[in-house]
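Read through the structure below, which is laid out as structure tokens, and then see the notes.
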Amino acid sequence: MINTFEKNWFRYKGGLRATILALLYCQLTYFGGIALILSLNPALMITGTLAMAHGMVIAAYMIHECGHNAVFKSPHHNAWLGSALNWLTGGCYGTYDDLRANHMKHHVDNVDAVTFDYRSYLARHPTQFKIVKALEWLYIPAVELLMHTVLMFAPFLFKEKEDQQLRVMGIIVVRFGLLLGVFLYSPFAYVCYLLAYAIFLTVLRFMDALQHNYEYIVAVDSNFHLIKNKGDRNYEQSHTFSNPISINHPWLNLVTLNFGYHNAHHAKPTTPWHELPKLHKSRYANEATSVIPFRQQLLSFHKNRIARVIGDDSETRSNEFAQRLQNGSAVGSNGVSFLTSF
């Protein structure tokens with residue numbers, strides 16, 4: 001009966017067990033983390049903050065799975081699950097359909113295309129730029145917080161999203177009402193939630209920062225001609241890098257649902273998370289230049305946390321980025337999360 005259910009509903013063999021385990025863990029850590037935070041016991045609050053943050057991380061990567069229709073056979077069921085999980089990540093201000101469409105462009109166009117160019121925005125607002133750099137120096141994900149704030153107000157900023165205004169206002173009332181309730185219950189619990197959210201954003205952008213050295217363009221009609229490598233699989237793979245937490249201990253990569261096997265993901269984007277280690281081993285096990293050692297990931301992330309606010313466009317035009325990745329001096333990118341659909 002279970003095998004029949006999996007065959008009828010899930011896209012891949014083994015998907016039922018993998019999905020149940022991931023979702024159970026996600027719900028347990030997120031809602032269990034909330035319970036621990038609300039206990040107001042200091043030790044339990046610390047544990048709950050970390051648990052809640054990781055619950056959001058797993059929710060985000062399950063949304064990514066849904067976006068590629070890698071969970072269920074039906075796109076409708078993938079959309080339903082992805083939309084529900086997006087409430088846990090705080091990305092629900094944007095629609096699942098917009099999120100998915102934007103991420104598919106990433107895979108097809110082979111560029112980091114944005115509608116809101118935070119770089120030029122900061123260049124026009126020097127005081128805010130200084131604040132962002134100061135926060136980034138303190139390891140506070142200011143750029144990601146800015147992008148998620150824009151996501152919240154996108155229907156009021158972008159004409160093409162005006163029809164979502166009532167929907168977003170309703171979400172704001174619900175989410176900010178819940179946050180107000182937490183704050184009134186305990187300001188310390190409220191701070192724990194903010195800390196969990198900051199940790200969650202930091203994990204996602206740590207994984208995103210070094211996976212590509214694609215060109216960064218502002219996605220307006222007049223710039224479509226700048227997309228030079230659309231559909232070019234050789235370009236895609238040569239500008240994609242894998243950042244697993246560990247090659248020798250693959251189970252550690254479950255912390256991010258194997259998202260670090262990024263070359264494998266781009267080679268076969270519909271491959272489910274639980275099959276990516278096998279695909280990576282068969283295709284890239286001997287290609288050391290495409291795999292970033294974890295120590296070098298940490299060094300690059302740490303050394304260039306301020307430079308990454310604006311980025312280094314020279315990294316997109318040569319093999320310098322690959323060399324920097326191997327010595328821990330790469331700059332990489334910010335503000336390219338698949339949760340921010342613009």
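The values are calculated or read from the model by the stated rules, or taken from the named source; none is laboratory data. Here the structure is a predicted model, which means the values were calculated and not measured. Positions of Cβ are generated from backbone atoms using ideal geometry, with glycine treated the same way; all protein chains shown enter the neighbour counts. Just the protein is used for accessible areas: all its heavy atoms, side chains included, with ligands, DNA and RNA removed. Shrake-Rupley method; radii C 1.70, N 1.55, O 1.52, S 1.80 Å.
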Legend entry - Pair list, Cβ under 9 Å, 6 or more apart: region 203-214 residue closer than 13 Å to HIS54 by Cβ, other residue open to solvent by 20 Å² or more (accessible area, probe 1.4 Å) and of a type outside the set (A, V, I, L, M): VAL203/HIS54
Legend entry - Long-range neighbours under 9 Å by Cβ, at least six apart or interchain, first residue more than 20 Å from VAL255 (Cα to Cα) within region 279-307, second open to solvent by less than 30 Å² (accessible area, probe 1.4 Å) and of a type in the set (Phe, Trp, Tyr): TYR284/TYR261; THR289/PHE241; SER290/PHE241; SER290/TYR284
Inset, instruction - Can you confirm whether region 149-167 contains a residue that is surrounded by fewer than 16 Cβ atoms within 10 Å (Cβ to Cβ) and not in a helix (DSSP H, G or I)? - result: yes
Inset, instruction - Of all residues in region 314-332, count the ones that are touching a residue at least 12 places away in the same chain (Cβ under 8 Å) and either more than 30 Å from GLN128 (Cα to Cα) or in a helix (DSSP H, G or I) (or both). - result: 8
Inset, instruction - Could you tell me whether any residue of region 183-192 is at pLDDT below 95 and farther than 26 Å from HIS239 by Cβ? - result: no
Inset, instruction - Check VAL111 against each of (1) among the β-branched types (Val, Ile, Thr); (2) touching a strand residue (DSSP E or B) at 6+ places or on another chain (Cβ under 7 Å); (3) at pLDDT 95 or above and name the one condition it does not meet. - result: (3)
Inset, instruction - Working only within region 107-148, note down all residues that are closer than 30 Å to ALA264 by Cβ, touching a Phe, Trp or Tyr at 6+ places or on another chain (Cβ under 7 Å), not in a helix (DSSP H, G or I) and not β-branched (Val, Ile, Thr). - result: ASN110, ASP112
Inset, instruction - Within region 126-148, work out how many residues are loosely packed, with under 13 Cβ neighbours inside 10 Å and of a type in the set (D, E, K, R). - result: 1
Legend entry - Qualifying positions in region 244-293 - under 26 Å from GLU320 (Cα atoms), of a type in the set (A, V, I, L, M, F, W, C) and surrounded by fewer than 15 Cβ atoms within 10 Å (Cβ to Cβ): ALA285, ALA288
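Okay, residues lined up against (1) assigned to a loop (DSSP other than H, G, I, E, B); (2) open to solvent by 30 Å² or more (accessible area, probe 1.4 Å); (3) in contact with a Leu (Cβ under 8 Å, 6 or more places away or on another chain):
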residue: ILE171; (1), (2), (3): no, no, no
residue: CYS192; (1), (2), (3): no, no, no
residue: THR202; (1), (2), (3): no, yes, no
residue: MET207; (1), (2), (3): no, no, no
residue: LYS230; (1), (2), (3): yes, yes, no
Inset, instruction - Sort out which residues of region 114-143 are acidic (Asp, Glu) and modelled with pLDDT under 95, and write them in order of number. - result: ASP117
Legend entry - Filter pass, SER290 being more than 26 Å from MET56 (Cα to Cα) and touching a strand residue (DSSP E or B) at 6+ places or on another chain (Cβ under 7 Å): yes
Legend entry - Residue within region 240-253 that is assigned to a loop (DSSP other than H, G, I, E, B), more than 17 Å from the chain's Cα centre (by Cα) and of a type in the set (A, V, I, L, M) present: yes
Inset, instruction - Would you be able to tell me the number of residues in region 280-321 that are among the basic types (Lys, Arg) and over 27 Å from ASN258 (Cβ atoms)? - result: 1
Inset, instruction - Could you list, in sequence order, all residues of region 314-332 that are open to solvent by 10 Å² or more (accessible area, probe 1.4 Å) and more than 26 Å from ARG124 (Cβ to Cβ)? - result: SER318, ASN319, GLU320, ALA322, GLN323, ARG324, GLN326, ASN327, SER329
Inset, instruction - Have a look at GLY335, GLY311 and point out the one that is open to solvent by 10 Å² or more (accessible area, probe 1.4 Å), at positive phi and assigned to a loop (DSSP other than H, G, I, E, B). - result: GLY311
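On the basis of being open to solvent by less than 20 Å² (accessible area, probe 1.4 Å) and assigned to a helix (DSSP H, G or I), does GLN237 make the cut?
No; evaluated as a whole, the condition is false for this residue.
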